[in-house]
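> If you scroll down you'll find the structure; I have some questions about it.
Read the figures in this text as sums done on the coordinates, not as results from a lab. Everything numeric here is computed off the predicted structure, so don't read it as measured data. Ideal geometry is used to build each Cβ from the backbone, glycine not excepted, and the neighbour counts take in all protein chains shown.
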């Protein structure tokens, strides 16, 4: 039996955090939760987390600031931000994926988590890598 993937969920809303924890744990993930960014940074530093799922709108440090801080610790860990697209703005974010909190179905979120946590391991043996866009132009 393979070990469960560890997902760090960060949200200042206890009710939304409980819903996320329940949904993820019933789908085979081990969930570690944090109520704020400082707690999340401490847990992230201590544990071998496979993916971070964070709310965007939090007091003191928003989700984007948290993700950027966590990427300084371990850039290879996939991170997803959940929030209102209007509040997140058009600026570049440090997260690997941005999902609209209200429009994202549980199935869509689970599928995104599945794909992104599998991507963390890198390409499978025997798989071919795509060429970067610069080399594609030269090759054709």
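> Can you name the residue in region 10-34 that is in contact with a helix residue (DSSP H, G or I) (Cβ under 7 Å, 6 or more places away or on another chain) and part of a loop (DSSP other than H, G, I, E, B) and, of all such residues, is nearest to residue 63 (Cα to Cα)?
11
> I've got another one for you. Considering only region 57-101, how many residues are touching a helix residue (DSSP H, G or I) at 6+ places or on another chain (Cβ under 7 Å) and assigned to a strand (DSSP E or B)?
Number satisfying all stated conditions: 8.
> Mind checking which pairs have a first residue in region 70-89 that is over 16 Å from residue 116 (Cα atoms) and a second that is part of a helix (DSSP H, G or I), Cβ under 6 Å, 6 or more apart or different chains?
Close Cβ pairs (under 6 Å, with a partner that is part of a helix (DSSP H, G or I)) amount to 70/44.
> Can you tell me which of (1) under 16 Å from residue 93 (Cα atoms); (2) assigned to a helix (DSSP H, G or I); (3) in contact with a strand residue (DSSP E or B) (Cβ under 9 Å, 6 or more places away or on another chain) is the one residue 54 doesn't meet?
Status for residue 54: all satisfied but (2).
> Could you count how many residues in region 42-51 are assigned to a helix (DSSP H, G or I) and out of contact with any helix residue (DSSP H, G or I) (no Cβ under 6 Å at 6 or more places or on another chain)?
Total meeting the criteria: 4.
> Shifting gears a bit: Limited to region 1-15, what total is found for residues that are touching a strand residue (DSSP E or B) at 6+ places or on another chain (Cβ under 7 Å) and farther than 20 Å from residue 42 by Cα?
Qualifying residue count, region 1-15: 1.
> Right, something else. For region 49-86, give me the residue count where each residue is farther than 21 Å from residue 102 by Cβ, over 14 Å from the mean Cα position of the chain (by Cα) and loosely packed, with under 12 Cβ neighbours inside 10 Å.
Residues of region 49-86 farther than 21 Å from residue 102 by Cβ: 49-51, 60-61, 65, 68-78.
If we keep only those that are over 14 Å from the mean Cα position of the chain (by Cα) too, we end up with 60-61, 72-73.
From what is left, the residues that are loosely packed, with under 12 Cβ neighbours inside 10 Å are 60, 72-73.
The number of residues fulfilling the criteria is 3.
> May I ask you to list the residues in region 5-32 that are surrounded by 13 or more Cβ atoms within 10 Å (Cβ to Cβ), closer than 21 Å to residue 118 by Cα and free of Cβ contacts under 8 Å to residues at least 40 places away in the same chain?
20, 21, 25, 30, 31, 32
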